[in-house]
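One structure below.
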Amino acid sequence: MTSVTDLTVGVIGGTGPQGKGLARYWSAAGVHVAIGSRDADRAASVAAELEGDVTGATNADVAAASDLVVVTVPWAGHADTVESLAPYVDGKIVVDCVNPLGFDKRGPYPLRVEEGSAAEQAQALLPEATVIAAFHHVSAVLLADPEVASFELDVLVLGEVREAVGTVIELVDVIPGMRGIYGGRLRNAGQVEALTANLIAINRRYKVHAGIRITDV
């Protein structure tokens, strides 16, 4: 299995707090990271803020140049953004981190996705790519905090191709304190994405940034 430090990891939507935060930790671990955005200048500006081997360009250019692509965009733009990547990701791993959530006066709640989950929607839109679901429960606030040096949480990684799952688990494990755990096939991504609504509710009640830990593994 190729080490993730030998790959170029493209972060689509990398100028947002989650994408930028993941990019920061990966680049610090020696991974070459490419920040993607609809605005190439903004992507380049964010890349310049990070240490290590980081570049910035449009989402399309980043997807074309990367060996592995990570999607960290808001749910509202998920389908359009993912579909636009199709010409550039054949044969590549695409990691989908997106949580389809709604918010009302009663709090966060999972949205129904026709395909079953955001990850399954991505796979339907990218039939020649290998979609892996991961990083749904990582706090964007903590990722964006430069004072946070380590995380104490597990990241569920779901997918159909064992080697691809292993690559993404390695991508998790290079972030201090994080541990990648196989969470099942892609058809199980829906409940993993939906659990984020519960974590947000916990965060609001207890004023924390909750994550998950899997016991006995």
Could you list all residues from segment 102-115 that are surrounded by 13 or more Cβ atoms within 10 Å (Cβ to Cβ), over 19 Å from residue 158 (Cα atoms) and not hydroxyl-bearing (Ser, Thr, Tyr)? 107, 108, 111
What is the one condition in (1) within 30 Å of residue 201 (Cβ to Cβ); (2) over 12 Å from the mean Cα position of the chain (by Cα); (3) buried (at least 18 other Cβ atoms within 10 Å of the Cβ) that residue 43 does not satisfy? (1)
Lone unmet requirement of (1) out of contact with any Ser or Thr (no Cβ under 7 Å at 6 or more places or on another chain); (2) farther than 14 Å from residue 95 by Cα for residue 82: (2)
If you go through 102, 107, 91, the only one that is at pLDDT below 95 and more than 18 Å from the chain's Cα centre (by Cα) is 107
Just name the residue that is surrounded by the most Cβ atoms within 10 Å (Cβ to Cβ) out of those in segment 14-38 that are among the polar types (S, T, N, Q) and part of a helix (DSSP H, G or I). 18
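The rows are residues; the columns are (1) assigned to a strand (DSSP E or B); (2) out of contact with any helix residue (DSSP H, G or I) (no Cβ under 9 Å at 6 or more places or on another chain).
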position: 45; (1), (2): no, yes
position: 62; (1), (2): no, no
position: 70; (1), (2): yes, no
position: 78; (1), (2): no, no
position: 83; (1), (2): no, no
position: 90; (1), (2): no, yes
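The values are calculated or read from the model by the stated rules, or taken from the named source; none is laboratory data. Bear in mind the structure is a predicted one, so any value in this text is a computation, not a measurement. A quick note on method: Cβ atoms are made from the backbone with ideal geometry, for glycine too, and the neighbour counts reach across all protein chains shown.
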